[in-house]
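The structure under discussion appears below in the form of structure tokens.
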Amino acid sequence: MDSKPTRPHRRPPPLPSKTSGVWPVALLVVLCFAALPLFLALSRARPTLSDVSQMGVTVTVHDEDPAGTPPESSPANRDRLLGGLLSPDIGESACLSRYKSSLHRKPSPHSPSPYLVSRLRKYEALHRKCGPGTLFYKKSLMQLTSAYSMGLVECTYLVWTPCGGSHLGDRMLSMVSAFLYALLTHRVFVVHVTDDMAGLFCEPFPAASWELPAGFLVHNLTQLGRGSEHSYANLLGAKKIKTDDPAGVRSESLPSYAYVHLEHDYQQSDQLFFCDDDQTVLAKVNWLILRSNLYFTPGLFLVPQFEDELRWMFPARDTVFHHIGRYLFHPSNKVWELITRYHTSYMAKFEENIGIQITTFAGSKVSSEEYFKQIVACTSQEKILPEIDPNATSSANEAALGTTASKAVLVSSAQPSEYAEKLKAMYYEHATVTGEPVSVLQPAGAGKQAPNQKALVEMFLQSYCDVSVVSGRSTVGYVGHGLAGVKPWLLLTPTNRTASANPPCIQTTSMEPCFHAPPSYDCRAKKDGDLGAVLRHVRHCEDVGDGLKLYD
């Protein structure tokens with residue numbers, strides 16, 4: 001080993017003369033500057049006298065800032081990249097929500113696997129190389145002018161297009177599924193952004209766009225459907241695609257593109273998408289166009305050739321939407337301003353936020369009055385919210401309201417007067433049996449926003465709640481609690497108007513969304529069967545009996 005060099009002995013500098021007037025001043029200046037950060041840190045966390053007198057307890061409050069960002073010393077600020085899930089290669093000013101949204105939530109207990117992080121970085125490199133606007137993209141477009149695919153191409157693509165009239169929640173669920181499929185098949189994920197989705201989200205991939213440029217050579221994407229000539233089912237029926245010998249099929253014998261129809265009305269021939277042999281053949285089609293209003297991720301877990309990759313990416317299988325959703329979806333700066341303004345003004349001051357998301361469906365057999373009773377029964381029986389004291393006088397209630405509430409309920413519903421206003425009146429008119437006051441919140445000004453913008457704001461506000469109570473089958477609820485990373489309480493649907501749901505709600509054992517309309521064909525057995533009994537981690541949903549869901 002090399003020996004360390006011996007430092008020469010240095011004589012300490014002489015002390016300044018006692019009569020010198022310079023060094024005390026210099027020392028004082030240094031001490032002042034050294035103490036300044038400590039002073040600011042302490043003063044920033046110090047509550048005002050009005051705060052103390054109002055709350056009656058010792059509290060710590062942070063200064064509000066217009067962006068709703070906790071100070072840099074906050075523990076919530078320690079992992080803005082979500083455990084490596086997000087790349088740091090996108091500037092903060094271009095997308096404020098990308099780095100600040102997670103600061104409104106408690107740190108997620110669900111860490112992405114190192115393999116998933118690695119795969120996302122590799123995908124981003126692929127997207128930079130082959131995404132819209134690149135030379136490879138322009139070259140690949142020329143393939144669409146041919147009747148057939150081309151072999152040995154550098155880049156293959158998956159174009160996601162939305163279902164007309166579908167809710168934004170449905171679209172976000174299907175986009176997560178489609179992006180996961182692109183990851184599994186090494187395709188470039190391109191999004192057909194229609195007018196009603198413009199300006200909602202930031203670009204999720206560094207130095208590249210995910211938006212399908214104008215002038216795409218396949219016209220009328222939103223008009224594609226089950227009967228389209230290029231749908232995979234019709235290509236099979238016309239013998240333009242054959243799966244008798246999947247490994248022997250050559251790209252040059254396949255169409256230049258295929259349309260994959262995975263909407264709720266798809267038929268068995270469309271459902272062959274989830275079969276191993278069909279995936280082997282589809283891998284050789286350079287362009288796939290996919291439309292779905294379903295969270296079809298559980299179906300991908302049924303494809304044998306994807307099993308190992310999915311297991312490595314998601315050791316905890318009930319975290320797929322949580323990780324991919326937080327990776328893909330970042331509200332644009334315009335939408336983020338609406339979200340953070342409401343959160344900072346109303347939600348941030350409470351110790352606990354309870355999210356209640358109510359969705360009523362056409363043809364529901366349950367009246368709004370009965371459904372409201374079910375919500376109250378759920379939240380009281382499960383100790384989510386305190387029960388009210390029906391005998392409390394108004395004066396007793398006013399005294400209780402003198403104490404600052406530590407718990408708030410954020411109610412999202414298309415019928416605010418039926419649910420939010422009733423809940424607000426209930427807690428205003430009656431004190432709780434525990435004496436704990438409860439504030440009921442509802443996003444204000446939502447009526448002035450476009451429908452999809454309003455939906456996105458509400459879903460993200462719901463994702464900042466600590467506890468989630470949602471209507472069964474609600475895709476809006478799925479998105480909210482999925483982004484939050486919490487297992488929700490599902491409000492079960494009664495069978496008729498006279499019977500009450502018993503129990504009124506159950507807490508799920510998985511935070512994954514439900515695949516509402518899974519295929520009925522078991523590819524492994526080559527016959528119709530119960531796909532909820534094929535794999536241990538793919539089972540039926542609590543709120544949709546024949547649906548499929550991922551469980552850990």
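Restricting Pro132, Pro109 to residues that are in contact (Cβ under 8 Å) with a residue 12 or more places away in the chain and closer than 22 Å to Pro315 by Cβ narrows the list to Pro109.
Within segment 377-431, restricting attention to residues that are of a type in the set (D, E, K, R) and under 22 Å from Leu492 (Cβ atoms), which residue is modelled with the lowest pLDDT? It comes out as Glu418. Only one of the listed residues (Pro518, Pro513) is modelled with pLDDT of 95 or more, touching a Leu at 6+ places or on another chain (Cβ under 6 Å), open to solvent by 20 Å² or more (accessible area, probe 1.4 Å) and not assigned by the TED database to the domain that holds Pro304. That residue is Pro518.
Residue-level check: of (1) surrounded by fewer than 17 Cβ atoms within 10 Å (Cβ to Cβ); (2) at pLDDT below 95, Ala198 misses just (2). Under 27 Å from His343 (Cα atoms) and of a type outside the set (A, V, I, L, M) - does that describe any residue in segment 490-503? No; the residues of segment 490-503 include none that is under 27 Å from His343 (Cα atoms) and of a type outside the set (A, V, I, L, M). Is it the case that some residue within segment 257-269 is in a helix (DSSP H, G or I), of a type in the set (A, V, I, L, M, F, W, C) and either under 16 Å from Ser177 (Cα atoms) or open to solvent by less than 20 Å² (accessible area, probe 1.4 Å) (or both)? Looking through segment 257-269, none of the residues is in a helix (DSSP H, G or I), of a type in the set (A, V, I, L, M, F, W, C) and either under 16 Å from Ser177 (Cα atoms) or open to solvent by less than 20 Å² (accessible area, probe 1.4 Å) (or both).
No other residue among Ala182, Ala214 is within 30 Å of His322 (Cβ to Cβ), outside the structural domain of Gln453 (by the TED database) and either part of a loop (DSSP other than H, G, I, E, B) or in contact with a Phe, Trp or Tyr (Cβ under 8 Å, 6 or more places away or on another chain) (or both) apart from Ala182.
Given the criteria open to solvent by 40 Å² or more (accessible area, probe 1.4 Å) and either farther than 18 Å from His261 by Cα or assigned to a helix (DSSP H, G or I) (or both), does Phe136 qualify? In short, yes.
Among the residues of segment 152-169, the ones that are open to solvent by 30 Å² or more (accessible area, probe 1.4 Å) and in contact with a Ser or Thr (Cβ under 6 Å, 6 or more places away or on another chain) come to 1 in all.
Matching residues to (1) assigned to a helix (DSSP H, G or I); (2) within 29 Å of Arg317 (Cα to Cα); (3) of a type outside the set (S, T, N, Q):
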| residue | (1), (2), (3) |
| --- | --- |
| Leu158 | no, yes, yes |
| Cys163 | no, yes, yes |
| Gly169 | yes, yes, yes |
| Ser177 | yes, yes, no |
| Asp196 | yes, no, yes |
| Gly199 | no, no, yes |
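Gly237 meets all of the listed conditions (1) open to solvent by less than 40 Å² (accessible area, probe 1.4 Å); (2) farther than 26 Å from Phe515 by Cα but one, namely (1).
Closer than 23 Å to Met172 by Cα and of a type in the set (D, E, K, R), is that true of Asp270?
Yes, satisfied.
The values are calculated or read from the model by the stated rules, or taken from the named source; none is laboratory data. Note that the structure is predicted; figures quoted are calculated from it, not measured. We place every Cβ from the backbone using ideal geometry, glycine too, and count neighbours over all the protein chains shown. Accessible surface areas use protein heavy atoms only, side chains included; no ligands, DNA or RNA. Shrake-Rupley method; radii C 1.70, N 1.55, O 1.52, S 1.80 Å.
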